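Structure first, commentary second.
The values are calculated or read from the model by the stated rules, or taken from the named source; none is laboratory data. Only a predicted model underlies this, so the values are computations on that prediction, with no experimental measurement involved. Cβ placement follows ideal geometry from the backbone for every residue including glycine, while neighbour counts extend to all protein chains displayed.
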Amino acid sequence: MKTITKIGLYGIIGGAVAFLAGCGTEKIAVDYVMPAKAVTDISKVNVAAINVKANVKGGLAGSNKQNAGLVKQLLAMRLYKEGFYQVADDFWSNPEGASELEKMIKEKDAGHGYATLGAMGQGSEKVVIDLTLDLELDSKPVQKDMEYTLKTVPYKPKQVKEGEVPVSEPDLKATQVQKVKQPVTVYELIAKGTLKAKFKGVNGKDAPAKYENTFTITVPEADRFDSAQPSQLKALAAVVTPAVNGVVADISPYKESRELVAIEGGDKRVVYLLNAKAFPEVVTVVEKLEVIDKANFADFENQGIAFEAMGEFFNARDAYAKAEKANPESLTAKEGSKRVANAFAGKKAVKASGAKQNKDTKFSK
């Protein structure tokens, strides 16, 4: 593989900047592993032991046995999705190997697979998560003005050669755009209730730590209206999911995604490259600017964002520290430093809990 010289690298970057000069500001999604909010030691939590009591009333009440199963499944799935517990932990950590697999599945009696979620690497003390759902769930038809955009494209005769069949073509320059409102019947989802979460340990003790919280259930704005009568399970999942996410954030390290934007005020090449998600190039350009003492606080902030996007939080911390030194009043640098500090705490919490590393939860440094 040929080595790219400094001049060659700057030529590539210069060409990229010229190409990207017309690009607008792009949002940059960054994922973080965050520490649990309420419980610092969850090493004894057995997520296979999730008990749910459901009391749902209203036009979309459904079966409470089915409702309880859905809430349990939502919590188990979310914990699994976060990468903290892995179904495979129960299998691969078994010294007897695949010969015991069928026996283990029968003992778990899961049915849907989620109840096998990771008891391995935990203490012998069995800690149960108790959830109690009290909810009124219904929907009603309502009249709502929906806004539409109507485009009218007129046609005009197309010039043709003598003897050819006359045809017409769209006259795009004469396109008319009209905003109209049309009353339509939609279904509004109505939910009012609570989801209570509590740890229950051996002999009724609070273990591994005392935890109890109540989450108010409301309808997320994105799920409030539907063009058709929502199904019972779809409606229940929509309104309960935010509360379940709250439980996960309380008791387990969890992933959180944020959208960052490039900071104006520094070298324009850095901004263009960051908007194009050319993160290694951003780092390189800022390093070169720093060598010749041309990097300002905005450049270091953008370098910090690039490092965050690549998951290099230690380097991001150093970049934000340089930004704060260059401009002690910079809120962007202070917020960036706080984000990466939380990211460190999240990784530390996952490590301390004994969770096994996987592709979604990386424990670098």
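A count restricted to segment 289-304 and to residues that are part of a helix (DSSP H, G or I) and surrounded by fewer than 24 Cβ atoms within 10 Å (Cβ to Cβ) stands at 5. Condition first: touching a helix residue (DSSP H, G or I) at 6+ places or on another chain (Cβ under 6 Å), under 30 Å from PRO328 (Cα atoms) and buried (at least 20 other Cβ atoms within 10 Å of the Cβ). Can you find one or more residues in segment 236-247 that meet it? Scanning segment 236-247 turns up no residue that is touching a helix residue (DSSP H, G or I) at 6+ places or on another chain (Cβ under 6 Å), under 30 Å from PRO328 (Cα atoms) and buried (at least 20 other Cβ atoms within 10 Å of the Cβ). Restricting to segment 324-345, name every residue that is among the small types (Gly, Ala, Ser) and in contact with a helix residue (DSSP H, G or I) (Cβ under 6 Å, 6 or more places away or on another chain). Listed by number, the residues that qualify are ALA326, SER330, ALA333, GLY336, SER337, ALA343.
Being modelled with pLDDT under 90 and closer than 30 Å to ALA36 by Cα is a property that does not hold for TYR320. For ASP138, are the conditions met, namely being touching a strand residue (DSSP E or B) at 6+ places or on another chain (Cβ under 8 Å) and surrounded by 13 or more Cβ atoms within 10 Å (Cβ to Cβ)? So ASP138 passes the test. Yes or no: segment 181-203 includes at least one residue that is of a type in the set (Asp, Glu) and over 30 Å from VAL240 (Cβ atoms). Checked against the condition, which is being of a type in the set (Asp, Glu) and over 30 Å from VAL240 (Cβ atoms), segment 181-203 yields no hits at all.
If the condition is being buried (at least 22 other Cβ atoms within 10 Å of the Cβ), in a helix (DSSP H, G or I) and touching a strand residue (DSSP E or B) at 6+ places or on another chain (Cβ under 9 Å), then segment 249-271 contributes only ILE251. Among the residues making up segment 227-241, a single one is part of a helix (DSSP H, G or I) and without any contact (Cβ under 8 Å) to a residue 24 or more places away in the chain: LYS234.
Okay, residues lined up against (1) closer than 27 Å to ALA76 by Cβ; (2) within 34 Å of the chain's Cα centre (by Cα); (3) of a type in the set (Ser, Thr, Tyr); (4) modelled with pLDDT of 85 or more:
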| residue | (1), (2), (3), (4) |
| --- | --- |
| PRO183 | no, no, no, yes |
| VAL219 | yes, yes, no, yes |
| PHE225 | no, yes, no, yes |
| LEU236 | yes, yes, no, yes |
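If you go through segment 272-325 and pick out every residue that is of a type in the set (Gly, Ala, Ser) and under 11 Å from ALA262 (Cα atoms), you end up with 4. Checked against the criterion of being modelled with pLDDT of 90 or more, in a helix (DSSP H, G or I), in the same structural domain as MET310 (by TED's automatic domain parsing) and touching a Leu at 6+ places or on another chain (Cβ under 8 Å), the candidates VAL286, VAL282 yield just one match: VAL282. Within the set THR194, THR185, the sole residue that is over 27 Å from ALA54 (Cβ atoms) and not in a loop (DSSP other than H, G, I, E, B) turns out to be THR185. Taking ALA295 as the residue in question, decide whether it is over 23 Å from the mean Cα position of the chain (by Cα) and modelled with pLDDT under 95. Yes, satisfied.
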